[in-house]
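The numbers here are math on the coordinates, done by the rules we state, and not lab data. Fair warning: this is a prediction, and the values are worked out from it, not measured in the lab. Virtual Cβ from ideal backbone geometry, glycine too; neighbours counted across all protein chains shown.
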Amino acid sequence: MKQKRIRNFCIIAHIDHGKSTIADRLLEETGTIDSRDMKQQVLDSLDLERERGITIKLVPVRMRYKSADGEEYVLNLIDTPGHVDFGYEVSRSLAACEGALLVVDATQGVEAQTLANAYMAVEQGLEILPVINKIDLPSSRPDYVIKEIEDVVGLDCDDVILASAKEGKGITEILERIVSGIPAPEGDPEAPLQAMIFDSEYDNYKGVICYVRVVNGTLRPGRNIRFMATGGVFPLEEVGILNPDFQPCEQLSAGEVGYVVSNIKTVAEAHVGDTITEDARPAAVPLPGYRKAKPVVFCGFYPVERDDYPQLRDALDKLTLNDSSISFEPETSVALGFGFRCGFLGLLHMDISKERLRREFGVELVATSPNVIYELTTKDGALVEAHRPSDFPELGEIDEVREPVIKLSLFVPSEYVGKVMKLCQDKRGTYLSMDYLAPDRVRLIYELPLAEFIIDFHDKLKSQTRGYASLDYEFTGLKAADLVRVDVLINGEAADAFSFICHREAAYHRGQSVVRKLKELIPSQLFEVPLQASIGKKVIVRQNVKPLRKDVLAKCYGGDITRKRKLLEKQKEGKKRMKQIGRVSIPQEAFLAFLKVEEDDE
Amino acid sequence: MTSNSGEEIVSLFSGSDPSLSVYVHIPFCAGKCPYCSFFSVVPRRGEKEEYCSLLRTEMRFFGERLADEGKFVRTLYFGGGTPSLLSPDEWERLFDCFYHTFSFSERPEITIEANPESLTEGHLSVWKKHGVSRISIGVQSLSDDELLWLGRIHDADAARRALEQSVLSGFSVSADLMFGLGEQTLRSFKRSVTGVLDLGADHISLYQLALEEKCRWFAIPPEDRSDGYPFYRWSQWYLPGKGFFQYEISSFSRPEKECRHNFAYWTNGQVLALGPGAWGYAGGIRYCNERTLPGYFRAVRHSGNAVAEMEKMEEERRVREAAVLLLRTSKGIVFEDFASRYGHGNLLAVVGILEEGVPPACLSWSSVSVALSPAGMRVANAIWSLLVV
């Protein structure tokens, strides 16, 4: 295929704005897929995604299109994940393209993530074609949305396409514009090989399948290829294209998009963003932009039934075959037994992973509330990475604590601005800017600690704006903060499992709520049990579990003795299952409640 | 169990202690109370007569053998069920048999449980004639509403009459009272307590409504049960002022009117069990008779006794149980007695657990013993659960 007849493009859209439907129509229109065979939204490969109506990954697909100019073109549609957790993957997908369709819902207008992705595309030099979708809806207001795209995104909308993917309107125009508006790829097919991996997945039969964009040179089976970041060398077994099924071909050369199979066992050996070159004639440098995805949000996964631990481990092993950005290591919890501490790119990534474990591997699990990693410097200059409160050194030894922060963009109807600002303040946000996108729509930008964001920010935002706000965020690094470890003492003894990290100013309030919860859940004992929350040696909250004052008392005659003894033994057995801290018995529910602790309302 | 079980039990009684207590279970009730988990049935025609005749067989089996061993009965207790459901004539025959087969100590304590609806003058005179000393009446409450709520088949007046007649006939009378009932108030409970005191009871058993596995209410408990604490707390304050001392978790009496039979249970004294589902204790072994009426009938016809199960416990469990039982009583654990019976090491272990795990206010220590204080009795289960293994 001649390079100049190739067009590589992607679709940028907010959830629900119709990306998948447009993709389906393009496939139909180009005859790539028969409309008879069309399931709705063919390209969504995971059931889960289809069910939630959100798209995490689409497989790249090649279409043949005979344009009005009489020529036949190859159009490669490369997907971009639709969620902020996958910002890096988005950037790699964009890097594989020369152009992007910016799809905006004719009713709802531009949303935060759309904007972020559009900017990223602009930054990477992609040609952007605005498409306004769902113009068939009675509530659509294309003029308003056009103005918004011009004002907010700053794109020229003279050539905007008005479409209704549902009714098939505007599809031909889109195809024509792809041909005329997006430049053909450049690159030298004879140069040393450089192919960028923009996605990879594990297949039971073929092993790891890498989706690549060939930038320079040519991929031909039979030669050895080298992964430049990991250094792995593998025989190239098969290359091919997707239309949308796997279809092997003889070669993929500069400008083309396709897949590569080379007997790789895990996706961890084929990182997204890595450059494939030829082992015998390697490129001098890899393609720019590679980095290893690093988990930022952590939580514990525990099997519901303790005996299912091996199943959970197997399932995680298999899941990471397909998704190398998940990390996991064994962990034990007083309340939940054996499980794993898992790291994810973000909250949605965590939810999806949990859901996939459940559906694809049949593992029922309990997830603990998410947390982040802190970085500390001690007074003697050592650097400590703290995954859990127990990793924090003593208060006096800490010089500085740094926590991950994000830059958070919020698109909010103006009537909710006050509430959202209040929410951000409560979450220790730092105000950066506010501007009106339209008279009734505001963009707020805050810097927010990631730890505060992952607790319940989404839910609160949704409930306070009745679902009308959208958000996007990016990590901006680590920032020093006045964070302290709050310890909980039960009857004077520190109970590790209940320690937590929070901002010094929130320590009293959070300590109060943990202690109050424990007071509810720890049954009365023979002795009064003081519960305290402390920072270092300083007690900030104290409450008591009142001592037991009565039991059920009954007569005891001859026949009762054995039965009563057995009841007492059973009672004692129940107590043994509780965790003893000093002489206090703490029921499992207390640990569970803490793992899922939500901030109580005052 | 084989026919030898009865002989084996007899041999367990052959230790140095010549005295024993006898518990006889009368497994019949006019109706089954929804909260009761004791074994009893509503008798069919002829069943009581057949039971009494087999009970006499069982008496003869043990009575003759034990008398030969030189054993004598210090306390005899008829519990149920509802012993007053047997007719005075049947009682006549039972006592005849008893006195013929067993040896008795000089002034044995003989107690019979009676329910207000079935107790008659006839019973009282037969019992008086045969040396019965105590009558324990299942009053439960002197409030008609509470009795109705409990599903009792008598009213408060019947209970008052039964108490009054028993006292007038010269018996030492105990009343069972319950707390933690639906709609029960401290005021209504006080009326029940003062009512039985005014009628002349010299012993009160107080217990909280507790629903155990075999009762009808276990599966669907009534929702309006009241918290038992205030009733018990109040009784501990009120009754001593009236000359009633708490000598055990649920027992209050005037001086010298304690139930000696029950002490046999709390001190691991020797108890011979007669009747279906009755429990006995001898030679460190607790045993139980056949738990159903047909099973009992079959066993006694076949071998003269109905011993069905024996519970052999390893030492630690047995010793700890002994400590728990002693701690039911206000006398508590007398160090010297306990050490000589169960060993010094075991005494130290028990005392250690109490010192370590029980707040001082819950215990009452003397130089020779330790017992639960009134506050300790209120949380006795929690304390005992520290002791069991």
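Points to keep in mind about this one:
- Computed over the range A:431-482, the P(r) tail beyond 14 angstrom holds 64 percent of alpha carbon pairs.
- Measuring nothing but alpha carbons in the range A:349-405 and taking Rh as the Kirkwood radius, the Rg to Rh ratio lands at 1.22.
- Packing-based order for B:137-143, B:194-200, using average beta carbon neighbours within 10 Å, highest first: B:137-143, B:194-200
- Of A:K575/B:K214; B:K32/B:K242; A:K422/A:K579; A:K147/A:K169, those spanning more than 29 Å from alpha-carbon to alpha-carbon: B:K32/B:K242; A:K422/A:K579
- The range B:30-48 versus the range B:278-324: alpha-carbon centroid distance in Å: 22 Å
- Across B:V271, B:V319, B:V24, mean-square fluctuation computed from a Gaussian network of chain B (C-alpha pairs under 10 Å connected) peaks at B:V319.
- Over all pairs of different C-alpha atoms, the range B:1-126 has a mean inverse distance whose reciprocal, the Kirkwood radius, equals 15.7 Å.
- Working from the Cα coordinates of the protein assembly as shown, the gyration tensor eigenvalues give, after taking √(5λ), semi-axes of 84, 30, 28 Å in decreasing order.
- Per-residue shielding of A:563-575, expressed as the average number of other chain Cβ atoms within 10 Å of the residue Cβ, stands at 5.
- Over every Cα atom in the range A:329-454, the radius of gyration and the widest Cα-Cα span, Dmax, amount to 19.0, 54 Å.
- Shape analysis of chain B places it in the oblate category; the axes a ≥ b ≥ c from the Cα gyration tensor give an a/c of at least 1.5, with a/b not above b/c.
- The mean number of Cβ atoms from other chains found within 10 Å of a Cβ in peptide B:371-384 is 4, as a whole number.
- With a simple spin-label model that places each label point 7 Å from the Cα along the Cα-to-Cβ direction, the separation between B:D155 and A:A191 comes to 10.8 nm.
- Centroid-to-centroid separation of the range A:220-291 and the range B:169-222 [C-alpha atoms, Å]: 86 Å
- In terms of packing, defined here as the mean over residues of other Cβ atoms within 10 angstrom, the peptides B:165-175, B:340-350 line up highest first as B:165-175, B:340-350.
- Protection proxy ranking of A:135-148, A:163-176, by the mean of other Cβ atoms within 10 Å over each peptide's residues and highest first, is A:163-176, A:135-148.
- Computed 3J(HN,Hα) for the range A:124-134, one whole-Hz value per residue from the Karplus formula 6.51 cos²θ - 1.76 cosθ + 1.60 where θ = phi - 60°, is 8, x, 7, 7, 10, 10, x, 10, 9, 9, 6, glycine and proline marked x.
- Counting only aspartates and glutamates at least 8 places from A:K572 when in the same chain, those with an alpha carbon closer than 15 Å to its own are A:D551, B:E321.
- Mean-position separation - Cα centroids, the range A:469-525 and the range B:355-389, in angstrom: 38 Å
- Per-residue ellipticity at 222 nm from helix content only, as computed over chain A with -39500 (n - 2.57) for each DSSP H run of at least four residues, stands at -8000 deg cm²/dmol.
- Out of every Cα-Cα pair that the range A:269-340 contains, those further apart than 18 angstrom amount to 55 percent.
- The 3J(HN,Hα) values that the Karplus relation (6.51, -1.76, 1.60; θ = phi - 60°) gives for the range A:238-244 are, in residue order, 8, 10, x, 10, 10, 9, x Hz. Gly and Pro appear as x.
- Measuring how big the range A:478-590 is from its alpha-carbon positions, Rg and Dmax come out at 18.4, 71 Å.
- Distance between the pseudo-spin-label points of B:Q236 and A:D279 (7 Å out from Cα toward the beta carbon): 8.3 nm.
- More than 17 angstrom apart: percent of Cα pairs within the range A:142-228: 70 percent
- Its DSSP H runs of at least 4 residues, each contributing -39,500 (n - 2.57), put the calculated 222 nm mean residue ellipticity of chain B at -13000 deg cm²/dmol, to the nearest 500.
- Computed label-point distance, nm, for sites A:Q512 and B:D198 using a 7 Å Cα→Cβ extension: 5.4 nm
- Using the Cβ-Cβ distance between B:R317 and A:R504 with R0 = 60 Å, the FRET efficiency computed as 1/(1 + (r/R0)^6) comes to roughly 0.70.
- Per-pair calculated FRET efficiency, R0 = 56 Å: B:D89 and A:V539 via Cβ, rounded to 0.05: 0.15
- Sites listed here are trypsin sites (Lys or Arg not before Pro) in the range B:205-304 whose DSSP assignment is loop and whose Cβ has at most 11 other Cβ atoms within 10 Å: B:K214.
- Restraint check, A:K354/A:K538; A:K292/A:K407; A:K2/A:K318; A:K354/A:K566; A:K462/A:K537, Cα-Cα greater than 30 Å: A:K354/A:K538; A:K2/A:K318; A:K354/A:K566; A:K462/A:K537
- Cysteine residues of chain B whose C-beta has no other cysteine C-beta under 4.7 angstrom: B:C29, B:C52, B:C97, B:C215, B:C259, B:C288, B:C362.
- Over the range B:278-346, all Cα pairs binned in 5 Å intervals from 0 give whole-percent P(r) values of 3, 15, 19, 17, 14, 9, 10, 8, 5, 1, listed from short to long.
- The mean number of Cβ atoms from other chains found within 10 Å of a Cβ in peptide B:315-325 is 2, as a whole number.
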